[in-house]
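Taking it in order: structure first as structure tokens, then the write-up.
Coordinate-derived values only; no laboratory data. In this text, all values refer to a predicted model and were calculated from it rather than measured experimentally. Here the Cβ positions follow ideal geometry from the backbone for every residue, glycine too, while neighbour counts run over all protein chains shown.
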Amino acid sequence: MKNILAIDIGNTRTKWGVHDGCAWIEQGAVETLQISAFAEQLKHNKNINIINNIAISSVADKSIAQALIKQLQFADAEIISVEPRAQQCGVINHYDTPWQLGSDRWCALIASHQLHQGHALVVMAGTAMTVDALTADGHFLGGMIVPGLSLMQDSLRTRTAQLRPEVGAYQAFPTHTQDAIHSGIISASLGAIANARAAMQAAGHSHPTCIISGGGASWLAPHLAEPVMRIDNLVLEGLLHIAQAESAGSK
């Protein structure tokens, strides 16, 4: 089995993990702005010498991924820069222009298809929140992008004079401003997910499981209607499956 380093470059944070073919033996995260220092640190990581393949997904500025790839040339490993396709690892991409789909969403869809049998709503709760519809037989029907929890909070903080969002608690009937803001942000996100679930069921894809990942998952998961699966680092799981398929020569 080949050892794989998976790197998920997000707008805010970059997650990474080393998989030995059986399990993740190391995982971590850094701020994307600090990714250059992360690449330098990898040179001294004991696991870098056993890496056969490096798989990268990036939704950040292209120059960031390009600079990282140059820095990783010291590793004796094949580097795979993942781009969405019309079809891969059992997932069929129905986006009008398949390669315009974010590579993080593509990896999350592939991971979900590999890890779950049945219809699914794949929710990535990061800087932006994506809600993607995936059928049991691997058809990605499409999805939506909405502001993530932090973006909504930042918008209230910067665009309103009287509201200063602070950490509140989710309440059905909030009675002070902090709870009202927090509950409103959570409810807005839950509403997008509920609408997508209703649309899937109306289209004949009944009882989709909500597969959720990302920094906002801990806020949203407790309030989601069942069935729900929370899978940390879903993009890394997708990168792993893609790298393994590429190594085996399959599509």
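Per residue of segment 127-142, what does 6.51 cos²θ - 1.76 cosθ + 1.60 with θ = phi - 60° give for ³J(HN,Hα)? Whole Hz please, x for Gly and Pro, Karplus curve as stated.
4, 10, 10, 10, 10, 10, 9, 10, 7, 4, 8, x, 8, 7, 7, x
Add -39500 (n - 2.57) for each DSSP H run of 4 or more in the chain, then divide by its residues: what number comes out at 222 nm, to the nearest 500 deg cm²/dmol?
Rounded to the nearest 500, it is -11000 deg cm²/dmol.
Need one word for segment 1-93: rounded, prolate or oblate. Basis is the Cα gyration tensor (sqrt eigenvalues a ≥ b ≥ c); a/c below 1.5 gives rounded, then a/b vs b/c decides.
Oblate.
Starting from the Cα of SER150, step 7 Å toward the Cβ, then list every residue of segment 40-76 with an amide N under 20 Å from that point.
Counting only backbone N, you get 57-65.
Based on DSSP, what percent of beta bridges with both residues in the chain are antiparallel, to the nearest 5?
Just about 60 percent of them are antiparallel.
For the chain, report the % of Cα-Cα distances exceeding 21 Å.
60 percent
Name the residues of segment 33-73 whose amide N is less than 13 Å from a point 7 angstrom out from the Cα of ILE25 along the C-beta direction?
It comes to 45-53, nothing else.
Calculate the all-directions average of the projected area of segment 151-251's alpha-carbon convex hull, and give it in nm².
Spelled out: convex hull of the Cα atoms, projected over all directions, averaged, 9.2 nm².
For segment 16-24, take each phi angle, set θ = phi - 60°, evaluate the Karplus expression 6.51 cos²θ - 1.76 cosθ + 1.60, and give the result in whole Hz per residue in order, putting x for glycine and proline.
8, x, 10, 10, 9, x, 10, 7, 6
Starting from the Kirkwood Rh over alpha-carbon pairs, what translational D in µm² s⁻¹ does segment 94-168 have by Stokes-Einstein at 20 °C and 1.002 mPa s?
153 µm²/s
What residues have an amide H closer than 5 Å to that of HIS94, excluding those fewer than 5 places away on the same chain, when H is modeled at 1.01 Å from N in the peptide plane?
Close amide H contacts, sequence-distant or interchain: PHE140.
Test of understanding: what is the full-extension gain from SER187 to SER63, defined as 0.36 nm times their sequence separation minus their Cα-Cα distance?
41.0 nm
For the chain, with a Gaussian network of springs between Cα atoms less than 10 Å apart, report the residue from VAL167, VAL30, VAL122 with the top mean-square fluctuation.
In this elastic network of the chain, the residue with the biggest mean-square fluctuation among VAL167, VAL30, VAL122 is VAL167.
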